[in-house]
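> This is the structure, below, for whatever I ask next.
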Amino acid sequence: MFNIKKNKLEKKIEAKKQQTKQDIDLNADIEIIEEEKTFRRGTVSIKDLISPASIQVLPEYLKLGSSYIRTLFVISYPRYISVGWFAPILNLNSTFDVGMFFYPVQSPVILKQLKNKTGNIQAQIISDAEKGAARDPLRETALHDIEALRDALTQGTEKFFQFSLYVTICAKTEKELDILSDQIENIFGSRLVYSKRVFYQAEQGFNSTLPLCNDELLITFNMNSSPVASSFPFMSSELTSDNGILYGINRHNNSLILFDRFSLQNANTVVFATSGAGKSYAVKLEVLRSLMMGTEVIIIDPEYEYKYLSDAVGGTYINISLASESKINPFDLPRAIGDQAKPKDIIRSAVITVKGLVRLMLGGLTHNEDSIVDRALLETYAKKDITPDCDLSKIEPPILQDFQDILEEMEGGTDLVLRLKKYTEGTFSGLLNSQSNIELNNQLICFSVRDLEDELRPMAIYTIVNYIWNIIRSKMKKRILVIDEAWWLMQHEDSAKFVYALVKRCRKYYLGVTTITQDVNDFLISPYGKAIVTNSSLQILLKQSSAAIDLIQKTFMLTEGEKYLLLECGLGEGIFFAGSKHAAIKVVASYTEDQIITSDPQQLLKIEEAKKEFEESEDE
């Protein structure tokens, strides 16, 4: 008995010790937790980094830090609303959040209410008919819509929802907030969508557009599936047509971007990209595929990039340099342009064009020198019996030496002659002082200016473009003119003005001009460069440098998302603009096309080595 009591006592003592130990451990854990809380209060968390410094709740908006926040909600929609009606708001270049809430409603509940509504409307229509009242189109339209909806709900092709749409906008000042609010309300109103601004619910509106799926406004509108789907905010432009060529893959939905540039208001294209971003690759791919469609292509190649393509398709490759046998005479007259072309107008056009070239050659002219050059050019043509009364089909145009001879005989022309001799007797005499000896009678023609000195390139390209323009005007055909590294021409006003005039007028002659440049700032700073972009319905923007992206964003009115896409995209990726539509594009080529158009030096070296091995094996 004594032993039993002793054992019980020991167990109680042991239990008490265990309890005491647990209490001590619990107190220690509490102390640790408190110390951890104290430590965490002194650390910086993600919430601290992203949260604003303050929030002020006002009746019509919130002041979140230094920003002004307002929510707009939609309360009514028209009877019919088109797909994509919400796109103009989504494409606004402003900061805003969109909240959409969909509350499914059971079809039997709606069908019961629609049945009652149908009975009421039919009764009213019968009553009006019995009284001899005029028919009410509104009631009849409502009855037709309700019956159509009842059929769709019964067949399961439509579902019914209560739909909430909120837009929370952000601005730096209260005035900007009001302007942006008016802009969004006007867009809504233009589509007969009635919206309102929050009043004494600014905080609830802000919370409703946070990514928390919490609808604190609860302002809904009854809709079935089709109109609800038309509000879907994630859209991409489809640029697929029945005609045209494949430009690439739409990165939004992997559809094909098939397009005919000649179906737009003009067929001009601009291509902007940094060096190595794939701009020449994309243009060569377009050229190759256009040739398969029967389009004639003329290319001005500053870096010998199109030689392999020209050889592969049997094109004509003309090298323009001081030592080259291929010559173009800048004094060539425009060819006959139909019955309306008069000799007097043709001569005047030639004089104006050559005068622009002379300005490039001599580094600008004073007003007095301009007058002397104008008179000298007319006399130069007259010396060769080229007058308004002559038959232009039987004449031989003058050359630069003839122009110099006339200047030497004119008062005030001495200084001009000294500056001109560099091109007739000096180091540059082999370029522009000869009769033309080339023919453009191939589907693909390339002019190379790689071997020309940098000082001569603008003059050579100016002369080549003018020569091409004269031939294009003589006979209307479906043609594409590619001007690579067009910033060379934008550096000088006369050449920039000439290219702008070419881009503006080429539509009448079934010509599309493609201008390519990597020096975006030099191109767009020129007023003629901006005008060329405006007159180009097709625009391809590939990867851009951070130095040029702000100017690109302003010129093409890009959103922030599109701006960062151009900064971070890979080789051959960018944005494809066609008229009012645009989409993210990835340029893709087949293996055979890639072998023909590649500009990668490593790949080109491998191709050359493979060709040599093949030739050696055939010789053996």
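The values are calculated or read from the model by the stated rules, or taken from the named source; none is laboratory data. This one's a predicted model, so the numbers in the text were calculated from it and none came from an experiment. Quick reminder, even Gly has a Cβ in these numbers, built from the backbone with ideal geometry, and neighbours come from all protein chains shown.
> Of the residues 125, 121, 89, which single one is touching a residue at least 40 places away in the same chain (Cβ under 8 Å), assigned to a helix (DSSP H, G or I) and surrounded by 13 or more Cβ atoms within 10 Å (Cβ to Cβ)?
89
> Quick one: what pairs do we get from the range 270-284, first residue buried (at least 24 other Cβ atoms within 10 Å of the Cβ), second charged (D, E, K, R) and not in a loop (DSSP other than H, G, I, E, B), C-beta under 6 Å, 6+ apart or different chains?
271/279; 273/279
> For the range 348-355, indicate whether the set of residues that are modelled with pLDDT under 85, out of contact with any Cys (no Cβ under 6 Å at 6 or more places or on another chain) and of a type in the set (D, E, K, R) is non-empty.
Scanning the range 348-355, I find at least one residue that is modelled with pLDDT under 85, out of contact with any Cys (no Cβ under 6 Å at 6 or more places or on another chain) and of a type in the set (D, E, K, R), so the answer is yes.
> Do we find that residue 298 is within 30 Å of residue 391 (Cα to Cα), surrounded by 20 or more Cβ atoms within 10 Å (Cβ to Cβ) and at pLDDT 85 or above in this structure?
Criteria met by residue 298.
> To continue, here is another question. Quick one: would you say residue 442 is in a loop (DSSP other than H, G, I, E, B), under 40 Å from the mean Cα position of the chain (by Cα) and either crowded, with 16+ Cβ neighbours inside 10 Å or in the same structural domain as residue 484 (by TED's automatic domain parsing) (or both)?
Answer is yes for this residue.
> Residue by residue through the range 128-155, note down the ones that are surrounded by 14 or more Cβ atoms within 10 Å (Cβ to Cβ) and over 30 Å from residue 107 (Cα atoms).
Of everything in the range 128-155, just one residue is surrounded by 14 or more Cβ atoms within 10 Å (Cβ to Cβ) and over 30 Å from residue 107 (Cα atoms), namely 128.
> What about residue 463, is it at negative phi and within 20 Å of the chain's Cα centre (by Cα)?
no
> Take the residues in the range 535-567 that are among the charged types (D, E, K, R) and without any contact (Cβ under 8 Å) to a residue 12 or more places away in the chain, then tell me which one is farthest from residue 583 (Cα to Cα).
Only one residue fits best here, namely 550.
> Among the residues of the range 92-118, write down those that are touching a residue at least 24 places away in the same chain (Cβ under 8 Å), assigned to a helix (DSSP H, G or I) and surrounded by fewer than 14 Cβ atoms within 10 Å (Cβ to Cβ).
Result: 115, single match.
> In the range 476-498, which residues are surrounded by fewer than 19 Cβ atoms within 10 Å (Cβ to Cβ) and at pLDDT 80 or above?
Of everything in the range 476-498, those that are surrounded by fewer than 19 Cβ atoms within 10 Å (Cβ to Cβ) and at pLDDT 80 or above turn out to be 476, 477, 478, 497.
> Tally the residues that are part of a loop (DSSP other than H, G, I, E, B) and either surrounded by fewer than 10 Cβ atoms within 10 Å (Cβ to Cβ) or assigned by TED's automatic domain parsing to the domain that holds residue 249 (or both), restricting the search to the range 591-620.
Residues that pass the stated criteria total 1.
Rundown of residues vs (1) of a type in the set (A, V, I, L, M, F, W, C); (2) without any contact (Cβ under 8 Å) to a residue 60 or more places away in the chain, yes/no style:
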residue	(1), (2)
377	yes, yes
386	yes, yes
410	yes, yes
418	yes, yes
424	no, yes
432	yes, no
435	no, no
444	yes, no
451	no, no
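> Could you check residue 316 against (1) surrounded by fewer than 19 Cβ atoms within 10 Å (Cβ to Cβ); (2) farther than 23 Å from residue 483 by Cα; (3) touching a residue at least 24 places away in the same chain (Cβ under 8 Å); (4) not acidic (Asp, Glu) and say which number it fails?
(2)
> Look through 540, 516 and report the one residue that is surrounded by 22 or more Cβ atoms within 10 Å (Cβ to Cβ) and touching a helix residue (DSSP H, G or I) at 6+ places or on another chain (Cβ under 6 Å).
The match here is 516.
> Conditions: (1) without any contact (Cβ under 8 Å) to a residue 40 or more places away in the chain; (2) within 16 Å of residue 231 (Cβ to Cβ). Residue 150 meets all but one. Number of the miss?
The number of the failed condition is (2).
> Out of 351, 358, 373, report the one residue that is surrounded by 16 or more Cβ atoms within 10 Å (Cβ to Cβ) and touching a Lys or Arg at 6+ places or on another chain (Cβ under 8 Å).
Result of the check over 351, 358, 373: 373.
> Does residue 371 meet the test of being modelled with pLDDT of 85 or more, out of contact with any Ser or Thr (no Cβ under 7 Å at 6 or more places or on another chain) and not aliphatic (A, V, I, L, M)?
Taking the combined requirement at face value, the residue satisfies it.
> Name the pairs: first residue in the range 520-534 and touching a residue at least 12 places away in the same chain (Cβ under 8 Å), second residue assigned to a helix (DSSP H, G or I) and basic (Lys, Arg), Cβ to Cβ under 7 Å, at least 6 apart or on different chains?
Partner pairs satisfying both residue conditions: 524/530; 528/497.
> Restricted to the range 156-212, and to residues that are part of a strand (DSSP E or B) and of a type in the set (D, E, K, R), which residue is surrounded by the most Cβ atoms within 10 Å (Cβ to Cβ)?
197
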